1. Please work out the FRET efficiency for the pair residue 29 and residue 59, using the Cβ-Cβ distance as r and a Förster radius of 30 Å; give the result to the nearest 0.05.
2. Contact order normalised by length for the stretch 100-216, with contacts defined as Cα pairs under 8 Å and 6 or more residues apart; what percent is it?
3. 5 Å is the cut-off here: which amide hydrogens, built 1.01 Å from N in the peptide plane, fall below it relative to residue 20, excluding neighbours closer than 5 in sequence?
4. Check which residues have an amide H placed less than 5 Å from residue 67's amide H, if you skip close sequence neighbours.
5. Pick out, in residue order, every one of the trypsin sites (Lys or Arg not before Pro) in the stretch 133-197 that is DSSP loop and has at most 15 other C-beta atoms within 10 Å; say none if there are none.
6. Cross-link list 20/164; 27/187; 133/179; 41/140: which exceed 24 angstrom alpha carbon to alpha carbon?
7. Starting at the first residue of the stretch 46-63, write each ³J(HN,Hα) from the Karplus equation 6.51 cos²θ - 1.76 cosθ + 1.60 with θ = phi - 60°, in whole Hz, x for Gly and Pro.
8. So what J values fall out for the stretch 95-105 if you push phi through Karplus, 6.51 cos²θ - 1.76 cosθ + 1.60 with θ = phi - 60°, rounded to Hz, Gly and Pro as x?
Amino acid sequence: MSILFINFFVGQKVLISMIKCYVINLKRRKDRLKSISLHLKSLGVNFKRFEAVDAKKASLTLLMKNMNRFGPLGELSIGDRACFQSHFKLWEKIAIYETLPVLVLEDDVRLTKPGINLLKNISWISNDINIIKCERFGNKRHRILVRPIKKINDLFSINHLLSKHSGTGGYIITPKGAKFLIDQKTKVSVSVDHYLFNPNNSLIFNQLKPLQLLPVICEQIDSHSDIHPFRSKFNFFSFWDFFREVIRGYYEIKLIPKQLIQLIFTNAKIIKPQILD
């Protein structure tokens, strides 16, 4: 249930609904659950834990559900598959049981206080929105292409995401967006963050129409991902590894002409995502 806050302004009651929060967490990562529990408690945020699919224990049937073995970036590791299925199972729950937008966090994320204040009132999330990316991913030099939609208040705005911005550490998804994702018939061939937030290789990006919250309100702080150990290391003596990198490079640049047109002829702009502490 949502946390309810009652404010009094000019003698009138204003009902503000705090966004519901889910945290995706592996059962064997009690350390991460403890860490994010303490962090969210310090911000006054209640959350529901959602158990992640464990690549070490999950059946191949589950890991291959609605997914191809190979994709544009090569073969998907079982870690990437488990991560996708974790999010997918949560989307199923949201599509069926939720009626309002929810905040989805991975368990290595840190939120900001201004972000929490923003999420105390979700009236700015309109009915036509599917998903809003809330985090900054990559190093501090990383830049993304966005097209502004509207200002939420003096601090925040929402924008169309027009270029790759990886990571699924923190995003807002509506029941409408969750239903759209679970209703897809095309098999997935990329990791979940590319599926949601990378127009270079996502088959559903243009229909999903992901938005970007700016400034961002969270970022992942643990570089030791549970996914990385399952990924194969690059072999300098392997033709297929070099070939995969060439294909990866192609997908990185394939949309540059379109993005240049957007940058020149629309109000799109290149920005460096900043986090507001």
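None of the figures in this text is laboratory data; all of them are computed from the coordinates on show. Only a predicted model underlies this, so the values are computations on that prediction, with no experimental measurement involved. Cβ placement follows ideal geometry from the backbone for every residue including glycine, while neighbour counts extend to all protein chains displayed.
1. 0.90
2. The normalised contact order for the stretch 100-216 reaches 36 percent.
3. 103
4. 188
5. 140, 141, 143, 185, 187
6. The pairs that break the limit, which is 24 Å between Cα atoms, are 20/164; 27/187; 41/140.
7. 8, 8, 10, 6, 10, 6, 6, 6, 9, 4, 6, 10, 5, 6, 4, 4, 5, 5
8. Calculated HN-Hα couplings, in order: 4, 8, 9, 9, 10, 10, x, 10, 9, 10, 10 Hz.
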